[in-house]
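Note sheet for the following structure.
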Amino acid sequence: MRTLLIVNPNATSTTPATRDLLAHALESRTQLTVAHTQHRGHAAELAQWAASNQMDLIVVHGGDGTVNETINGFLPLPELDDSQAWLPRLGVIPGGSANVFARALGISPDPVTATNQLIDLLTLDTDRRIGLGIADDRWFCFSAGVGLDADVCAAIDAARARGRSATPARYVRTTVRQFFRAKRNEPKVRVEIPGHEPVDGVHYAFVTNTTPWTYLNATPVHTNPGTRFETGLGVFAMRSMAVVPTLLLARQLLTTNGNPKYRNLFREDDVPAVRIESKEPIGLQIDGDFIGKRYVVDFTAIPDVLAVVAPQPH
């Protein structure tokens, strides 16, 4: 088995010791090439190289952004797929601050434990196939969002550029600050889903590919509890920014078996596609990275498209 290990040395929890442990474990079982990312977009370039050279496995040791880049580097979009592309399997060893994708796959947040998981799963030689989402002609693993969530990601990215780490506490503070800023704005988003009447007057919306898709420290947040990697997309669109109902809804989101409901919440857990339009340009985030502002974004579920080295779903 030929393996490329992509390491993001700047990821929050990536350490030389963990990298060396992972490399040693993989070297004992595969023909290993190790590459460190050096700039934004480098993981995509490395993944494309691995696919072009027909490597069997790509293992990413980094955060969700590095994983997203890697997938977009080697997995062709449906309209470009001629069924001739070589598609490696993907393995993930958490190295970022949130590691949402790895956790959602059942991979331990501890990189040493996750390394042992990966080696055991490679020994069993069984794949798990999952679906992904597409937003703005880009794959996403677990979530995309417009409005509030994108504004939070943009603020976190700006803080990182100033040398501040993306801690859970910073996410909470930033979310609260952005919420009260956005609260003053008029709703300007429309959500359209095949087979449903359009939903107008939306302040912000999440489109998700699994649950949970975000965490508050170790606490999972479930916006669409019926959405899985094996289903369609989840849509969570809010038509209110009132403080008390928002707090009550937040409590539902943090409940283990929660099923969030609210009269000003539009929620569907298994849809094939969704279009979000805005009267003014609105921020878009994909897997936690701020992409920019858009008037229109089309989201599509693509089932059974990626082979991952991960535990089978329960």
**Fill in**
Whole-percent tail of the Cα-Cα distance distribution for region 179-314, cut at 28 Å, equals 16 percent
**Request:** Pop out the carbon and sulfur fraction of the accessible area of the chain as a percent, whole number, probe 1.4 Å.
**Result:** 50 percent
**Asked** What's the extension gain from K293 to M1 if we count 0.36 nm per residue and subtract their Cα-Cα distance?
**Response** 100.9 nm
**Message:** Output needed: percent of Cα pairs per 5 Å distance bin for region 158-232, bins running from 0 to the one holding the longest distance.
**Reply:** 3, 12, 14, 18, 21, 18, 10, 4, 1, 0
**Request:** Can you tell me how much longer the chain between Q48 and H314 gets when fully stretched, taken as 0.36 nm per residue apart minus their C-alpha distance, in nm with one decimal?
**Result:** 92.6 nm
**Request:** Over the alpha-carbon set of region 226-298, divide Rg by the Kirkwood Rh and report the Rg/Rh ratio to two decimals.
**Result:** 0.98
**Prompt:** Cα axis of helix 243-253 to longest principal axis of the chain: angle in degrees, 0 to 90, nearest 10?
**Reply:** 30 degrees
**Prompt:** Rounded to the nearest 500 deg cm²/dmol, what is the calculated helix-only ellipticity per residue at 222 nm for the chain, with -39500 (n - 2.57) per DSSP H run of length n ≥ 4?
**Reply:** -9000 deg cm²/dmol
**Request:** For N116 and T255, compute 0.36 nm times the residue count separating them, minus their Cα-Cα distance, and round to one decimal in nm.
**Result:** 47.0 nm
**Asked** Where in region 109-208 are there trypsin sites (Lys or Arg not before Pro) that are in a DSSP coil and have at most 11 other Cβ atoms within 10 angstrom of their Cβ?
**Response** R162, R164, R184
**Complete:** For region 11-68, the convex hull over Cα atoms projects on average to an area in nm² of 4.1 nm²
**Asked** Can you work out the FRET efficiency for the pair R177 and N10, with r the C-beta to C-beta distance and R0 = 22 Å, to the nearest 0.05?
**Response** 0.30
**Request:** Please find, in a Gaussian network model of the chain (springs between Cα atoms separated by less than 10 Å), the residue of L284, L80, L21 whose mean-square fluctuation is greatest.
**Result:** L80
**Request:** Taking the Cα centre of region 241-314 as origin, sum charge times position over the Cβ atoms of Lys and Arg (+1) and Asp and Glu (-1), and report the length of that vector in debye to the nearest 20.
**Result:** 420 debye
**Message:** If you consider only alpha-carbon coordinates, what radius of gyration and Dmax does the chain have, in Å?
**Reply:** 19.1, 58
**Prompt:** Once both axes come from the Cα atoms, what is the angle between helix 168-182 and the longest principal axis of the chain, in degrees from 0 to 90, rounded to 10?
**Reply:** 30 degrees
**Prompt:** What residues of region 178-219 lie in the reach of a label at D81, counting those whose backbone N is under 18 Å from a point 7 Å from the Cα along Cα→Cβ?
**Reply:** 209-210
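The values are calculated or read from the model by the stated rules, or taken from the named source; none is laboratory data. Computed from a predicted model, the values in this text were never measured in an experiment. Here Cβ is always computed from backbone atoms with ideal geometry, including for glycine, and neighbour counts include all displayed protein chains. Ligands, DNA and RNA are stripped out before the accessible areas are found, and what is left, the full protein with its side chains, is counted by its heavy atoms. Shrake-Rupley method; radii C 1.70, N 1.55, O 1.52, S 1.80 Å.
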